[in-house]
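Student: One structure, as structure tokens, below. Some questions next.
The values are calculated or read from the model by the stated rules, or taken from the named source; none is laboratory data. Just so it is clear, the model here is predicted, and its values are computed rather than measured. Note that each Cβ is placed from the backbone with ideal geometry, even for glycine, and that neighbours are counted across all protein chains shown.
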Amino acid sequence: MAGRRGPDQPGRAITAFLLAVTLAAACVGQAPRTPSCPPARGELTVDDLPAGSSVLDCPAVGRVITHDGAGLAVPEPGTTVSVDALTADGSAHGFTLTVAADGTVSYAYEAARTEAVRGGRADAPAPCADAAYATAGRKEYGTYEWFLGDGRLPGGISRAEARRAFEDAVATITASRNDCGLDDRVAAKARYLATTSSKADIDRETRCMRPDGLSVWDTGDLGGDAVATTCSWSRPAPGGGPEELLEADVRFNTHDYAFTDDPSGACTRAYDLRSVATHEAGHVFGLGHSGPGHENLTMFASSFACSTSARTLGKGDVLGLRSLY
């Protein structure tokens with residue numbers, strides 16, 4: 001009879017219900033589906049490629065990731081890239097992206113300091129009384145070999161003068177030069193190689209692009225906020241410990257800021273070339289920025305216009321180098 005339920009229909013319903021419960025239980029504990037990948041075109045933010053995602057599941061190598069006014073190109077698996085900017089007001093613009101050998105992404109962020117420094121140097125400890133430092137988790141295990149770009153030079157100085165200024169700044173780090181009576185226990189090495197037509201792998205928006213294997217110091221436009229920027233690439237060291245430096249490029253923002261190698265009483269807004277260069281060399285050899293309250297150390301995130309104080313290291317700067325070397 002139409003509409004009449006057969007005697008076995010209740011049993012079929014029970015069986016179907018039990019099968020659904022069984023399948024649902026079997027799905028518990030399965031690996032989650034691959035997360036949705038970021039847009040195929042354009043720049044990305046750190047939210048588009050979050051920590052824990054994989055550049056193998058979602059092809060992202062070479063794509064630009066931005067954060068807080070800085071950016072970098074996603075490196076190959078097994079590589080870390082860091083961008084560190086020295087700014088006029090001491091605000092922090094920088095972060096680090098690590099791509100593990102299996103493609104997994106992780107980030108390290110510098111604590112933001114967005115307010116301009118107002119009288120902070122007067123309140124901060126003297127350089128030789130301040131033991132604060134930060135390290136970036138990398139070091140130069142061999143000899144840092146670097147080139148000087150063949151373009152415009154900061155402060156209108158000659159190429160020979162620029163080379164001497166930069167060599168002197170790098171030597172301040174490798175020899176841990178200071179006025180605090182601290183002896184040199186830092187086994188870091190560097191060597192200038194030549195002038196090159198190659199450019200630092202940093203673009204006009206303070207972004208670290210793909211490395212070319214050459215560590216270049218040059219000048220250009222960094223977008224206005226950064227007085228100078230260092231981009232560093234590293235990889236895990238065979239024996240563990242800080243990562244091994246692969247390349248470190250430095251660019252001075254001559255588009256928006258003036259530099260001088262000889263500040264005088266008439267100086268008003270120019271940055272001392274050697275002070276800025278010493279700060280950037282600190283990043284090359286693995287130092288991070290000292291935080292607020294440590295404005296008199298070389299590794300504070302501003303070198304302050306017309307000041308030469310960052311030409312020599314403070315106690316914290318030296319201790320940071322000793323912790324690495």
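Student: When the stretch 40-56 is examined, which residues are found to be part of a loop (DSSP other than H, G, I, E, B) and more than 12 Å from Leu97 (Cβ to Cβ)?
Tutor: Correct list: Ala40, Arg41, Gly42, Glu43, Asp47, Asp48, Gly52, Leu56.
Student: Here's a follow-up. Exactly one condition in (1) surrounded by 24 or more Cβ atoms within 10 Å (Cβ to Cβ); (2) at pLDDT 95 or above is not met by Thr206; state its number.
Tutor: Here Thr206 clears every test but (2).
Student: Let me ask something else. Given the conditions (1) crowded, with 17+ Cβ neighbours inside 10 Å; (2) at pLDDT 95 or above; (3) over 29 Å from Lys189 (Cα atoms), report the number of the one that Thr96 does not fulfil.
Tutor: With (1) crowded, with 17+ Cβ neighbours inside 10 Å; (2) at pLDDT 95 or above; (3) over 29 Å from Lys189 (Cα atoms) applied to Thr96, the lone miss is (3).
Residues are listed down the side, and each one gets a yes or a no for (1) modelled with pLDDT of 95 or more; (2) more than 19 Å from Glu280 (Cβ to Cβ):
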{"position": "Val83", "(1), (2)": "yes, no"}
{"position": "Asp89", "(1), (2)": "no, no"}
{"position": "Ala92", "(1), (2)": "no, no"}
{"position": "Ala101", "(1), (2)": "yes, yes"}
{"position": "Val105", "(1), (2)": "yes, yes"}
{"position": "Tyr109", "(1), (2)": "no, yes"}
{"position": "Pro125", "(1), (2)": "yes, yes"}
{"position": "Ala131", "(1), (2)": "yes, yes"}
{"position": "Thr143", "(1), (2)": "yes, no"}
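Student: Which residue, of Arg177, Arg185, Arg164, is more than 17 Å from Gly142 (Cβ to Cβ) and free of Cβ contacts under 8 Å to residues at least 24 places away in the same chain? Talk me through it step by step, then tell me what you get.
Tutor: Working: Arg177 fails: free of Cβ contacts under 8 Å to residues at least 24 places away in the same chain; Arg185 fails: free of Cβ contacts under 8 Å to residues at least 24 places away in the same chain.
It is Arg164.
Student: Quick one: in the stretch 79-106, which of the residues that are assigned to a loop (DSSP other than H, G, I, E, B) and under 14 Å from His289 (Cβ atoms) is farthest from the chain's Cα centre (by Cα)? Break it down into steps so the answer makes sense when it comes.
Tutor: Here is the first cut: in the stretch 79-106, the residues assigned to a loop (DSSP other than H, G, I, E, B) are 88-92, 100-103.
Okay, now just the ones that are also under 14 Å from His289 (Cβ atoms), so 89-92.
Working: Asp89: 18, Gly90: 16, Ser91: 14, Ala92: 11 Å.
So the residue we want is Asp89.
Student: Can we say Asp68 is at positive phi, surrounded by fewer than 18 Cβ atoms within 10 Å (Cβ to Cβ) and among the acidic types (Asp, Glu)?
Tutor: Details: at positive phi: yes; surrounded by fewer than 18 Cβ atoms within 10 Å (Cβ to Cβ): yes; among the acidic types (Asp, Glu): yes.
Yes: the conditions hold for Asp68.
Student: Right, next: Going residue by residue through the stretch 161-174, is there one that turns out to be modelled with pLDDT of 95 or more and over 21 Å from Pro263 (Cα atoms)? If you could, list the steps in order and put the result at the bottom.
Tutor: Step one: filter the stretch 161-174 for residues modelled with pLDDT of 95 or more, giving 161-174.
Those left that are additionally over 21 Å from Pro263 (Cα atoms): 173-174.
Yes, the stretch 161-174 contains at least one residue that is modelled with pLDDT of 95 or more and over 21 Å from Pro263 (Cα atoms).
Student: Filter the stretch 209-224 down to residues that are crowded, with 18+ Cβ neighbours inside 10 Å and among the acidic types (Asp, Glu), then give me how many there are. Even if it seems obvious, please write down each step before you answer.
Tutor: If we filter the stretch 209-224 for residues that are crowded, with 18+ Cβ neighbours inside 10 Å, which is where we start, we get 209, 211, 215-220, 222-223.
From the residues that got through so far, the ones that are among the acidic types (Asp, Glu) too are 218.
Summing the residues that are crowded, with 18+ Cβ neighbours inside 10 Å and among the acidic types (Asp, Glu) in the stretch 209-224 gives 1.
Student: Is it the case, given these coordinates, that Tyr192 is out of contact with any His (no Cβ under 7 Å at 6 or more places or on another chain), closer than 30 Å to Val46 by Cβ and of a type outside the set (Asp, Glu)? Quick ask: steps written out before the conclusion?
Tutor: Details: out of contact with any His (no Cβ under 7 Å at 6 or more places or on another chain): yes; closer than 30 Å to Val46 by Cβ: no; of a type outside the set (Asp, Glu): yes.
Answer is no for this residue.
Student: Starting from residues that are of a type in the set (Gly, Ala, Ser) and surrounded by fewer than 18 Cβ atoms within 10 Å (Cβ to Cβ), keep the ones in the stretch 167-183 and report whichever is farthest from Arg311 (Cα to Cα).
Tutor: The initial filter retains those residues of the stretch 167-183 that are of a type in the set (Gly, Ala, Ser), namely 169, 171, 175-176, 181.
Subsequent filtering for residues that are surrounded by fewer than 18 Cβ atoms within 10 Å (Cβ to Cβ) retains 171, 175, 181.
Numbers: Ala171: 11, Ala175: 13, Gly181: 15 Å.
Filtering first and then ranking leaves Gly181.
Student: Residues of the stretch 151-210 being charged (D, E, K, R), within 30 Å of Ala126 (Cβ to Cβ) and in a loop (DSSP other than H, G, I, E, B), which ones?
Tutor: Scanning the stretch 151-210 gives Arg177, Asp179, Asp183, Asp184, Arg185.
Student: Now for a separate question. Asp123 - would you say it is free of Cβ contacts under 8 Å to residues at least 12 places away in the same chain, over 18 Å from Asp201 (Cα atoms) and surrounded by fewer than 17 Cβ atoms within 10 Å (Cβ to Cβ)? Working first, answer last.
Tutor: Numbers: free of Cβ contacts under 8 Å to residues at least 12 places away in the same chain: no; over 18 Å from Asp201 (Cα atoms): yes; surrounded by fewer than 17 Cβ atoms within 10 Å (Cβ to Cβ): yes.
Against the criterion (free of Cβ contacts under 8 Å to residues at least 12 places away in the same chain, over 18 Å from Asp201 (Cα atoms) and surrounded by fewer than 17 Cβ atoms within 10 Å (Cβ to Cβ)), Asp123 does not qualify.
Student: From the list His283, His255, which residue is in contact (Cβ under 8 Å) with a residue 12 or more places away in the chain, surrounded by 24 or more Cβ atoms within 10 Å (Cβ to Cβ) and of a type outside the set (Val, Ile, Thr)? Write out each step before concluding.
Tutor: On the way: His255 fails: surrounded by 24 or more Cβ atoms within 10 Å (Cβ to Cβ).
Being in contact (Cβ under 8 Å) with a residue 12 or more places away in the chain, surrounded by 24 or more Cβ atoms within 10 Å (Cβ to Cβ) and of a type outside the set (Val, Ile, Thr) holds for just one of His283, His255, which is His283.
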